Amino acid sequence: MQIHVVQRGDTLWQLAQRYGVSINQIAAVNQLQNRSELVIGEALIIPSGNRQYTVRPGDNLWLIARKFGVSVQDIMRANRITNPSMIYPGQLLIIPEKAKPTIDVNAFSIDFSEAGAQEVRDVGRYLTYVSPFAYRMKDDGSLEMINDNAMIQAAITNHVVPMMAITNFSATETGSQLAHTILSDTALQDRLLTSIIQTMRTKRYRGLNIDFENVLPNDRENYNQFLRRAVSRLHAEGYFVSSSLAPKTSGTQQGLLYEAHDYPAHGEILDFVVLMTYEWGYRFGPPQAISPLNQIRAVLDYAVTVIPREKIMMGFQVYARDWLVPHVQGREAETFSMQEAIRRAVRHHAVIHYDQRTQSPYFRYTDEQGRGHEVWFEDARSAQAKFNLVKEYHLRGISYWVLGYPFPQNWALLEDNFHIRKL
């Protein structure tokens, strides 16, 4: 795949001619709904077709290799070139397939309906795990059940491993006291783990993700001990155990979200961890990138010093947000899909900008009522930048939050960059 950023005057016909592919191919891979209206600044992925390239004036092998993500040596071998400087305009080169690392891919889902199950069927080929979110624990050690049967069946049918997710919080409660109640009582922990194992057996789960948030700082060691107890019980039953961690940049970071999340302990105890590297652009906060690359990098810089890289899954959000501006603290932004973000840019004749520091696209527009809006979303460029981070840090993989927001470019680029591990 190549990425083309739309310039003023670009048309699909021109792009098809330039890149040697059909209009239908470009429209299909980007799922363009209106082929006649491209947005200035919009990033399109261009399928590579038969992996051939015609040398243009000014080209050299280094530029061509960089364009396709392969090495100069690979191009030379594929075309039996002995002198890298001896290429000429009009020469047809075979571009070899680039080497791709193998990673795990997880996706959380909060839609347990048939629509949620269909989403798993639609993207199942790109997933190692899927995690219906979530079973909430009760203060007596039991679980609040969810009707996830359709999603689990869709996962199994598509060779995706169902991963059970448990949590302590809800839309109306932080869960701090509930976590304290469980983490301070080993009898309640045993009851909770028994409930988890029974549910996993009944519903054909193969692993567990523990997402305890807002845990009181004084419960940090109790949380670690619970993880050890969970691993001991679940490993004996043949299940893997993971956790979801707040995005910390140091071991001394303060705050209710961070202090009880002991990165070194989770890395040592568990099979893998999910770093929740998203939600900087919080729906009740000011407009900004939701998964800014500079912030993710800062988290990874710390995480890889205390957690084995092969145990780290980097979080990636797959939704867009639209804030009214000027922002009023506490006013909720609207959340929707990347496809809707592009539709709004088309409808309001917006120009898409790309913030280099966060590696995130955004645009502004004025609605029919005269109100200003600022939209931050993801596109092919920002997705590719995140995939490059996974490669750079040699991570276990990627965990998406959350299914239900179509983002076709992401899945096409994911497959172009990685082999997806199937268990």
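What number of residues in segment 60-89 are over 18 Å from S48 (Cα atoms), of a type outside the set (D, E, K, R) and not in a helix (DSSP H, G or I)?
Summing the residues that are over 18 Å from S48 (Cα atoms), of a type outside the set (D, E, K, R) and not in a helix (DSSP H, G or I) in segment 60-89 gives 10.
With respect to T252, is the statement that it is under 25 Å from A385 (Cβ atoms) and either out of contact with any Lys or Arg (no Cβ under 7 Å at 6 or more places or on another chain) or of a type in the set (G, A, S) (or both) true?
No; evaluated as a whole, the condition is false for this residue.
Return the residue satisfying two criteria in turn: it lies in segment 344-359 and is crowded, with 16+ Cβ neighbours inside 10 Å and of a type in the set (D, E, K, R), and of such residues it is farthest from R35 (Cα to Cα).
D355
Considering only residues of segment 146-180 that are hydroxyl-bearing (S, T, Y) and outside any loop (DSSP other than H, G, I, E, B), which is farthest from the chain's Cα centre (by Cα)?
Looking at the filtered set, the residue picked out is S176.
For a quick check of your reading of the model, give me the residue pairs whose first member lies in segment 321-333 and is assigned by TED's automatic domain parsing to the domain that holds E368 and within 16 Å of Y362 (Cα to Cα), whose second is among the hydroxyl-bearing types (S, T, Y) and modelled with pLDDT of 95 or more, with beta-carbon atoms closer than 6 Å and at least 6 apart or on different chains.
Every condition considered, the pairs that remain are R321/T335.
With respect to G9, determine if the residue is on the phi > 0 side of the Ramachandran plot and in contact with a Ser or Thr (Cβ under 8 Å, 6 or more places away or on another chain).
For G9, the condition - on the phi > 0 side of the Ramachandran plot and in contact with a Ser or Thr (Cβ under 8 Å, 6 or more places away or on another chain) - is not met.
Look through F212, F226 and report the one residue that is within 22 Å of the chain's Cα centre (by Cα) and either of a type outside the set (V, I, T) or modelled with pLDDT under 95 (or both).
F212
Of all residues in segment 374-422, count the ones that are small (G, A, S) and part of a loop (DSSP other than H, G, I, E, B).
Going through segment 374-422 one residue at a time, the tally reaches 1.
Consider L234 carefully, then state whether it is in the same structural domain as S195 (by TED's automatic domain parsing), farther than 23 Å from D185 by Cβ, in contact with a helix residue (DSSP H, G or I) (Cβ under 8 Å, 6 or more places away or on another chain) and crowded, with 19+ Cβ neighbours inside 10 Å.
no
For W323, all conditions in the list (1) within 13 Å of Y393 (Cβ to Cβ); (2) part of a strand (DSSP E or B); (3) not aliphatic (A, V, I, L, M) hold save one; what is the number of the exception?
It fails just one condition, (1).
Quick one: which residue in I40, I87 is surrounded by 16 or more Cβ atoms within 10 Å (Cβ to Cβ), within 31 Å of the chain's Cα centre (by Cα) and not assigned by TED's automatic domain parsing to the domain that holds R364?
Of the residues listed, the single one that is surrounded by 16 or more Cβ atoms within 10 Å (Cβ to Cβ), within 31 Å of the chain's Cα centre (by Cα) and not assigned by TED's automatic domain parsing to the domain that holds R364 is I40.
Matching residues to (1) outside any strand (DSSP E or B); (2) acidic (D, E); (3) closer than 22 Å to T194 by Cβ:
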residue	(1), (2), (3)
L234	yes, no, yes
S242	no, no, yes
G251	yes, no, no
L257	yes, no, no
P286	yes, no, no
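Restricting attention to segment 254-274, which residues are within 20 Å of P308 (Cα to Cα) and surrounded by fewer than 16 Cβ atoms within 10 Å (Cβ to Cβ)?
P264, E268
Matching residues to (1) at pLDDT below 95; (2) under 30 Å from R364 (Cβ atoms); (3) out of contact with any strand residue (DSSP E or B) (no Cβ under 7 Å at 6 or more places or on another chain):
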site: L12; (1), (2), (3): no, yes, yes
site: G20; (1), (2), (3): yes, no, yes
site: L38; (1), (2), (3): no, yes, yes
site: R51; (1), (2), (3): yes, no, no
site: T54; (1), (2), (3): yes, no, no
site: R66; (1), (2), (3): yes, no, yes
site: D74; (1), (2), (3): yes, no, yes
site: S109; (1), (2), (3): no, no, no
site: D122; (1), (2), (3): no, no, yes
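To keep it simple, each residue is scored yes or no on (1) over 27 Å from R331 (Cα atoms); (2) touching a residue at least 40 places away in the same chain (Cβ under 8 Å); (3) more than 19 Å from the chain's Cα centre (by Cα).
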| residue | (1), (2), (3) |
| --- | --- |
| Q254 | no, no, yes |
| Y258 | no, no, yes |
| T277 | no, no, no |
| V304 | yes, yes, no |
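Please determine, by comparing only the residues of segment 181-200 that are of a type in the set (G, A, S) and in a helix (DSSP H, G or I), which one is surrounded by the most Cβ atoms within 10 Å (Cβ to Cβ). Give the derivation first.
First pass over segment 181-200, keeping only residues of a type in the set (G, A, S): 184, 187, 195.
Keeping just the survivors that are in a helix (DSSP H, G or I) gives 187, 195.
Details: A187: 8, S195: 19.
This residue is S195.
Of the numbered conditions (1) surrounded by fewer than 18 Cβ atoms within 10 Å (Cβ to Cβ); (2) assigned to a loop (DSSP other than H, G, I, E, B); (3) in contact (Cβ under 8 Å) with a residue 60 or more places away in the chain, K98 satisfies every one except a single condition; which is it?
Evaluating K98 over (1) surrounded by fewer than 18 Cβ atoms within 10 Å (Cβ to Cβ); (2) assigned to a loop (DSSP other than H, G, I, E, B); (3) in contact (Cβ under 8 Å) with a residue 60 or more places away in the chain leaves (3) as the failure.
The values are calculated or read from the model by the stated rules, or taken from the named source; none is laboratory data. On a predicted model such as this, the values are computed, not experimentally measured, just so you know. Cβ coordinates were reconstructed from backbone atoms using ideal geometry, including for glycine residues, and neighbour counts include every protein chain displayed.
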